[in-house]
Structures are given as structure tokens and as C-alpha cells.
Amino acid sequence: MYELHKDAPIGVFDSGVGGLTVAKEIMHQLPDEKIVYFGDTARVPYGSKSRETVTRYSRQIVRFLETHQVKMIVVACNTASAYALDEIEKEIDIPMIGVVRPAVEVASKTTRNGRIGVIATQATIDSQVYSTYIKQISPDMDVIGKACPLFCPLVEEGLLEDPVTDEIARRYLLELVDIGIDTLILGCTHYPLIRKTIARVVGDGVTLVNPAYETARELKEMLLEKDLLTTKKPDLGTDRYRFFVSDGAEKFKTFANSIIKYGILSAKTINIEEY
Ligand code: DGL
């Protein structure tokens, strides 16, 4: 039987660097918590893979996180939340939270005209997870999904503020504005990193929903409810945040340090296929 301890770390995983937007929010909203982050940099992207493959990968990562005795697992990847979360949640004793449901709840409360746009990877759009959950809350809502496959490589190339990113954003997003959405879910963990560009293109009439923020908020509520919030202040000099990847630890570390200003001391490569 797996034991959950209040002072154990929170496990966070993603297909690569995108989940760092969620980790950053957790660090901000839950500053005393420890985090073990895994980025599957060898097998990214998940957004073009099948449900079976994404579920197999996610299961291996969960096994790896279990070896760190995590008390909670945050699936900081929309594609894995869409394809793997429901199945894996039933198999383990560790509570899990994905990024889809928290965003759906906020978007449903935010929209005034009932027209919600979702931008995400092809896999997340194909899974229809956002429209399914939104319609469970409010069957009359219109949910318009749009896959934006070029956004992830642009983010990974560091083109966060760039004319190329502006142009691609216009191509993807103006049709959503024309349809009349008033709320837009950033349904991929990379997208909050280009939210300024996205906001500029869609204009003031569209409210952006950032799942990273909402997930960290809901995580805090879940920890409180389950009596799993840490009671310890982190000791100075301990490895409060630990980062693991399946490839390219140095590149990951450089990227991560550019987003998270909490100082990522090290990132370690592990062989995820062993789990
Ligand atoms: N992290 C993934 C997501 O949120 C995007 C990158 C990928 O395709 O793996 O869906």
C-alpha cells in the first residue's frame, strides 16, 4: 500500500518544457511545497501521438514519480490529461489532477455569450475533452476547438515575441474571433508563454483562461481537503525543486531557467523506458 505523507513532494509531469508553466504557478501559490518534475524531452511531442502511446508514456512517468514517494501527481500536459488521466487515476493510490478540468470550470464561469474557443494540440482537439467537460457543466455552450501545431516549436525555439509568431497567431486565431468567441482556453501548456501575442491578436473582447494558474489553485484546494498540505517550511539549501528529463538535461535547464526565476540548480537525465 502506497503511503501519502504531507511533507512528501508533489510530482509534476509533462511531455517536455510546457509543464514548467504549471510548476511555476505551483511554486508561486504553494511556496512551501517540494516538487519533483519530469519532462519527457526524449519523446516529445505527445500532441501528435495516439491515446495508447500517450497513456503508456504517462504510466511509466507515474511509476517513476512513485519512486520519489510523491503525495500528489499533477498532469501538467493537456494531451496526457485528455488521453491518459482518467485511466491511470483508477490504477493508483496517489491523487491526480490534470489541467483540463480546472480550466473548464473557470471558462464556463467567465463566458458571457456561451462561445468558448479552445486552442491546443491536434490530439487534445481530437479527444474533444474540453467540449465534453464544458457541455457537462452547460450543455448549451458552443465550444470551438482549433489545433495550433506550430505554436509549440515556436515556443521551444524561444520566439516568444517575434513577428513570425505574430503572423502564425493571426492565421490560427482570427477565425475564432470572427466566430465571436469571448473566452479562449490556452489548452496546451506551452501557450501561456506566448499569451501576450495571443492576447494582442484576439483583442480585449476575448478573455484568456490559463490552465496553469487554475490548476495550481485547484491543487491547493485538493491538498487542503485531503489534509496533505505540508506543515514544514523548506530547509534552506535542500533540493526543494528537482527536475528530471528523458533527454537533453542541459538544454532543458537553460530553457527552464529562462522561465522559472527560482533557480533550477540541476536537471538529471533518466531512462524512462526502465519504468
Ligand atoms: N505539453 C503538451 C500539451 O500540453 C504540448 C506539447 C506536446 O505536443 O507534447 O498538450
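What is the number of the single condition among (1) modelled with pLDDT under 95; (2) within 21 Å of T110 (Cα to Cα); (3) more than 12 Å from the ligand (Cβ to nearest atom); (4) of a type outside the set (A, V, I, L, M, F, W, C) that T189 does not meet?
All conditions are met except number (3).
Residues of the range 208-230 being basic (K, R) and either open to solvent by less than 50 Å² (accessible area, probe 1.4 Å) or under 21 Å from the mean Cα position of the chain (by Cα) (or both), which ones? Explain how you work it out, then say what you get.
As a first pass, look at the range 208-230 and keep what is basic (K, R): 217, 220, 226.
Hits for the range 208-230 are R217, K220.
How many residues, within the range 31-56, are open to solvent by less than 10 Å² (accessible area, probe 1.4 Å), assigned to a loop (DSSP other than H, G, I, E, B) and of a type in the set (A, V, I, L, M)? Steps first, please.
Step one: of the range 31-56, the residues open to solvent by less than 10 Å² (accessible area, probe 1.4 Å) are 33, 35-40, 46, 54-55.
If we keep only those that are assigned to a loop (DSSP other than H, G, I, E, B) too, we end up with 33, 40, 46.
The next check asks that each one be of a type in the set (A, V, I, L, M); those that pass are none.
Result for the range 31-56: 0.
Any residue that is β-branched (V, I, T), closer than 23 Å to M141 by Cα and touching a helix residue (DSSP H, G or I) at 6+ places or on another chain (Cβ under 6 Å) - is there at least one of those in the range 208-228?
Taking the range 208-228 as the starting set, the residues that turn out to be β-branched (V, I, T) are 209, 215.
Pick out the ones that are also closer than 23 Å to M141 by Cα and you get 209, 215.
Still in the running and touching a helix residue (DSSP H, G or I) at 6+ places or on another chain (Cβ under 6 Å): 209, 215.
There is at least one residue in the range 208-228 that is β-branched (V, I, T), closer than 23 Å to M141 by Cα and touching a helix residue (DSSP H, G or I) at 6+ places or on another chain (Cβ under 6 Å).
I'd like to know if the range 139-147 contains one or more residues that are free of Cβ contacts under 8 Å to residues at least 24 places away in the same chain, more than 10 Å from the ligand (Cβ to nearest atom) and over 17 Å from T183 (Cα atoms). First the steps, then the outcome.
At the first step, the residues of the range 139-147 found to be free of Cβ contacts under 8 Å to residues at least 24 places away in the same chain are 139.
Applying the additional criterion that residues be more than 10 Å from the ligand (Cβ to nearest atom) yields 139.
Still in the running and over 17 Å from T183 (Cα atoms): none.
Scanning the range 139-147 turns up no residue that is free of Cβ contacts under 8 Å to residues at least 24 places away in the same chain, more than 10 Å from the ligand (Cβ to nearest atom) and over 17 Å from T183 (Cα atoms).
Tell me yes or no: at least one residue of the range 101-117 is within 16 Å of the chain's Cα centre (by Cα) and charged (D, E, K, R).
yes
Please determine, by comparing only the residues of the range 116-137 that are open to solvent by 30 Å² or more (accessible area, probe 1.4 Å) and not aliphatic (A, V, I, L, M), which one is nearest to the ligand (Cβ to nearest atom). Lay out the reasoning, then the answer.
So the first thing to find is which residues in the range 116-137 are open to solvent by 30 Å² or more (accessible area, probe 1.4 Å), and the list is 122, 125-126, 128, 132, 135-137.
Next cut, not aliphatic (A, V, I, L, M) only: 122, 126, 128, 132, 135-136.
Details: Q122: 8, D126: 12, Q128: 14, T132: 16, K135: 21, Q136: 21 Å.
Only one residue fits best here, namely Q122.
Suppose we keep only residues that are within 17 Å of T215 (Cα to Cα), of a type in the set (K, R) and touching a residue at least 60 places away in the same chain (Cβ under 8 Å) within the range 68-115. Which one would you say is farthest from the ligand (Cβ to nearest atom)?
In this case the residue turns out to be K71.
Return the residues of the range 168-197 that are open to solvent by less than 20 Å² (accessible area, probe 1.4 Å), out of contact with any Gly (no Cβ under 6 Å at 6 or more places or on another chain) and in contact (Cβ under 8 Å) with a residue 60 or more places away in the chain; say none if nothing qualifies.
The answer is D182, T183, I185, L186, G187, C188, Y191, P192.
Scan (1) within 23 Å of L229 (Cα to Cα); (2) under 19 Å from the mean Cα position of the chain (by Cα); (3) of a type outside the set (D, E, K, R) for the single condition T132 breaks and write down its number.
Going through (1) within 23 Å of L229 (Cα to Cα); (2) under 19 Å from the mean Cα position of the chain (by Cα); (3) of a type outside the set (D, E, K, R) one by one, T132 breaks only (1).
Hey, any hits in the range 222-229 for a residue that's out of contact with any Lys or Arg (no Cβ under 7 Å at 6 or more places or on another chain), touching a residue at least 12 places away in the same chain (Cβ under 8 Å) and under 30 Å from E175 (Cβ atoms)?
No, the range 222-229 contains no residue that is out of contact with any Lys or Arg (no Cβ under 7 Å at 6 or more places or on another chain), touching a residue at least 12 places away in the same chain (Cβ under 8 Å) and under 30 Å from E175 (Cβ atoms).
The values are calculated or read from the model by the stated rules, or taken from the named source; none is laboratory data. None of these values were measured; they are calculated from a predicted model. With ideal geometry, Cβ positions are generated from the backbone for all residues, glycine too; neighbour counts draw on all protein chains shown. Just the protein is used for accessible areas: all its heavy atoms, side chains included, with ligands, DNA and RNA removed. Shrake-Rupley method; radii C 1.70, N 1.55, O 1.52, S 1.80 Å.
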